[in-house]
Number of protein chains: 2
Amino acid sequence: MGSWLIQNATIVTVDENNTVLPRADLLIQGSEIAGLWSGDQIPPSISADRTMDADGMVLIPGLINAHTHAAMTLLRGYADDMELMPWLQERIWPLEMKLEADDVYWATLLGIAEMIRGGVSCFNDMYHFFAAAAQAVVDSGIRGVVSGVLLGFLPNAEDNLKQAIAFAEEWRGAGNGRLVTMLGPHAPYTCPDHLLKKVVAGAQQVGVGIHIHLSETAGEIEDSQRDHGVSPIRRMEELGLFHVWPVLGAHCVHLTDEDLEILVTHRVGIAHNPGSNMKLASGVAPIPRLLAAGAIVGLGTDGPASNNNLDMIEEMRLAALLHKLHTGDPTVVPAPQALAMATRGGAAALGLGDLLGQIKVGLKADLALLDFTQSHLQPRHDVVSHLVYAARAGDVRTVFINGEAVLLDGKLQTMDEDEIHRQVRKSVDRLMR
Amino acid sequence: MGSWLIQNATIVTVDENNTVLPRADLLIQGSEIAGLWSGDQIPPSISADRTMDADGMVLIPGLINAHTHAAMTLLRGYADDMELMPWLQERIWPLEMKLEADDVYWATLLGIAEMIRGGVSCFNDMYHFFAAAAQAVVDSGIRGVVSGVLLGFLPNAEDNLKQAIAFAEEWRGAGNGRLVTMLGPHAPYTCPDHLLKKVVAGAQQVGVGIHIHLSETAGEIEDSQRDHGVSPIRRMEELGLFHVWPVLGAHCVHLTDEDLEILVTHRVGIAHNPGSNMKLASGVAPIPRLLAAGAIVGLGTDGPASNNNLDMIEEMRLAALLHKLHTGDPTVVPAPQALAMATRGGAAALGLGDLLGQIKVGLKADLALLDFTQSHLQPRHDVVSHLVYAARAGDVRTVFINGEAVLLDGKLQTMDEDEIHRQVRKSVDRLMR
């Protein structure tokens, strides 16, 4: 690892005051942000192995995709515009039954290539063949939180949990600390109480967090009331799930007042997935209410079979637009709040707020640089507004993760995209047979 | 004008059967599509001045932005996340008072550059200084429908109407037929009956269509009921507005059953603007109901001060997502329907269905070619799904309009973008003073 000096960028720090530095310099040393100077404040003594003139560019904290199933790139566009259960039962699950570890490795790499190209420096993943996903994180240079999906109704669920616990212990910190592991019980409605209790014990024993789907559809809530007499979130609290920290709850669409209080009290991280919730007609998560109550909210794309991309800039825009419409109030989820959810909020939701999510000296050098010279970003009244309401994933030119340039002026430095596309086509050919 | 042969493209025709040709060749001669051959059907005798290998690319009809105010690029990001009336009264209108023709010319060119780069070959514009916008259409090579905005409450409204009628007559067909003119009474609530009657007479006399905002916000409907005893759309019918054809009604969010019937009966073109309606919290247009009733529906971005871009791929995606969520039915507005609204539907809504909106021999050669080799479009289960749910404006590499290559492999052929950005900055500097 070396050092980089990025000069003359507009730096959107996403710190607590949403500070924007119109012209600033940033020093990367090793894996960290080592210096940040506004205007002409940089001391003449500062130098670095490599220098980059970022005039006309906007530097932001790397975007954090707080909930996805990256390997579902395999199924992108394979089945759309369907009801949830036929979609799962007739289309998605039959193909997933045929998956092998290699499919997941290459499909996760494909998702990582897309994410890095779109300014994502960290993603939170839950899928089958978790070691393959973890290997893709290590090999690609991205930062990733990986949990194996645990489906409690499978006959080998207990064995799967043991493997997941062993994986979480063995793999954490791999790739120079870029890999974070969690346990991934799929959802309250797919996991029985006795398994969830073992998940809690396992997470506490190993010292890792939990990634779980929470209250995504209205039907789940009804079923939980019928079968358990309480909401899924209340049930998780009673089972002790929220004594683990961090817990990342994906979706949180259908919440009672009590649910909302539980999430805030236990500092549960929430991954809001507006694109997926819209496409699957799941409903609207009460994000303005959650934020007002002090909840920790990040943004996620969900898997690319239900989105159908891994574009966090689009997800920011959807979050900002959706809640204005839903509340009838055009002032809710303003641009700075949408950007904060996609960065600082996501980091906090994953328990990584001390390391990621802002541009600040001492934090990890996870950064994305966007070309703001293009026509769709002119004129430049407000760069934060442009990031949320006008920019596109394709505007990202350079991405640093853990201090390494993984995308440099539009070229991926750590991955062979042609080979990835070829391997994914091979997997798809086999799955379709 | 010469001829072009585009070879080996996947061609999404957007014809009535939504035919997709996985590998096909297309011949452009002059301003028209002169030949279309699937597989290896092209006769060996066919040749052209220029040939393009489009392997890995997807060719679609040029996207049609059915409602915008392109020159509002000037105010992109200048004021967001505000209530409508303070936004207009405190931010937008004071700046618009200071506008000059040159501002509109350059700002319209900026919008056109963005639109062409995003695959838009035709846009329907309404703004001040309409001759400047028309000149931008002529100079840039895009196809444009231009109407001057008529605000009936202005003291010089009658003079403005006379000028608008003269403009419509004088300018139509300019730029080798690329310029279409209409009259643009702003909205029922800004135009008194006596002016609207003159608009109808003027449109019929000159033989042009009308572009008008219709029933965008709930407040308009209440005011119309109070002041006129009927809905705005019923009032327009009674005033004879819908005897003109084509009429393009932008928004149509808040409709009674009777309004819906009126729109269908009179073949009123509807421009649906999901991004703007979400951002301004205007409400949700009943698009699935309108389509089921046989209404003619296109898509628009609205102005970039309330969107904040001119990205029709995003607008397709928003349309497909929004109505799934709003109806609770994930099967409504499937991908082919969203794509049809952005092409065939927009052409029909503007009264140009015989010329534009599909890839078919004899229609105008208005085409966009997208690079489908990128990671976010892999694998390729379904190109129409990818266009609507995964693609981005930046994937467009080449655009033909009226048979001319206006964007060729990512380079604008007819515009100096640096000069446009410079002139727009100059305008902004003056307006902000």
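Here are the numbers for the structure shown:
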item	result
Residues being at positive phi, in contact with an Asp or Glu (Cβ under 8 Å, 6 or more places away or on another chain) and small (Gly, Ala, Ser) - total across region A:359-415	2
Unique residue being buried (at least 20 other Cβ atoms within 10 Å of the Cβ) and farther than 19 Å from residue B:209 by Cβ when the list is B:148, B:111	B:111
Selection count where residues are away from every other protein chain (no Cβ under 14 Å), buried (at least 19 other Cβ atoms within 10 Å of the Cβ) and among the polar types (S, T, N, Q), scope region B:243-297	0
Any hit, region B:127-138, residues being out of contact with any Asp or Glu (no Cβ under 9 Å at 6 or more places or on another chain), among the β-branched types (Val, Ile, Thr) and either without any contact (Cβ under 8 Å) to a residue 12 or more places away in the chain or farther than 30 Å from residue B:371 by Cβ (or both)	no
Per-region count, region B:187-216, residues buried (at least 20 other Cβ atoms within 10 Å of the Cβ) and not in a helix (DSSP H, G or I)	11
Extreme residue, nearest to the chain's Cα centre (by Cα), among residues of region B:298-330 that are more than 8 Å from chain A (Cβ to nearest Cβ) and β-branched (Val, Ile, Thr)	B:301
Condition met for residue A:121 (within 14 Å of chain B (Cβ to nearest Cβ) and buried (at least 20 other Cβ atoms within 10 Å of the Cβ))	no
Every residue from region A:55-102 that is surrounded by 24 or more Cβ atoms within 10 Å (Cβ to Cβ) and basic (Lys, Arg)	A:76
Some residue of region A:2-12 being modelled with pLDDT of 95 or more and either more than 27 Å from residue A:392 (Cα to Cα) or basic (Lys, Arg) (or both)	yes
Every pair of residues 6+ apart whose Cβ atoms lie under 8 Å, when the first sits in region A:36-54 and is in a loop (DSSP other than H, G, I, E, B) and exposed (fewer than 12 other Cβ atoms within 10 Å of the Cβ) while the second is of a type outside the set (S, T, N, Q) and at pLDDT below 95	A:49/A:2
Entirely in region B:89-167, the helices (runs of 4 or more DSSP H) that have 1 or more residues that are outside the structural domain of residue B:363 (by TED's automatic domain parsing) and under 23 Å from residue B:177 (Cβ atoms)	B:101-117, B:130-140
Residues within region B:166-203 that are out of contact with any strand residue (DSSP E or B) (no Cβ under 7 Å at 6 or more places or on another chain), under 21 Å from residue B:134 (Cα atoms) and in contact (Cβ under 8 Å) with a residue 24 or more places away in the chain, tallied	5
Top-ranked residue of region B:51-83 - restricted to ones that are of a type in the set (Ser, Thr, Tyr) and either within 16 Å of the chain's Cα centre (by Cα) or within 13 Å of chain A (Cβ to nearest Cβ) (or both), ranked as nearest to residue B:181 (Cα to Cα)	B:68
Residue satisfying condition, being under 20 Å from residue B:84 (Cβ atoms) and in contact with a helix residue (DSSP H, G or I) (Cβ under 8 Å, 6 or more places away or on another chain), within set B:227, B:223	B:223
Region A:354-393, subset among the acidic types (Asp, Glu) and surrounded by fewer than 24 Cβ atoms within 10 Å (Cβ to Cβ), residue nearest to residue B:91 (Cα to Cα)	A:382
Count of region A:394-421 residues which are at the interface with chain B (Cβ under 10 Å from one of its Cβ atoms) and surrounded by fewer than 24 Cβ atoms within 10 Å (Cβ to Cβ)	6
Region A:17-35: number of residues that are surrounded by fewer than 21 Cβ atoms within 10 Å (Cβ to Cβ) and free of Cβ contacts under 8 Å to residues at least 24 places away in the same chain	5
Test: residue A:367 is among the aliphatic types (A, V, I, L, M), more than 8 Å from chain B (Cβ to nearest Cβ) and either within 30 Å of residue A:25 (Cβ to Cβ) or under 21 Å from the mean Cα position of the chain (by Cα) (or both)	yes
Residues located in region A:253-295, provided they are closer than 21 Å to residue A:331 by Cβ, part of a helix (DSSP H, G or I) and either of a type in the set (Lys, Arg) or touching a residue at least 60 places away in the same chain (Cβ under 8 Å) (or both)	A:289
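The values are calculated or read from the model by the stated rules, or taken from the named source; none is laboratory data. This one's a predicted model, so the numbers in the text were calculated from it and none came from an experiment. Here Cβ is always computed from backbone atoms with ideal geometry, including for glycine, and neighbour counts include all displayed protein chains.
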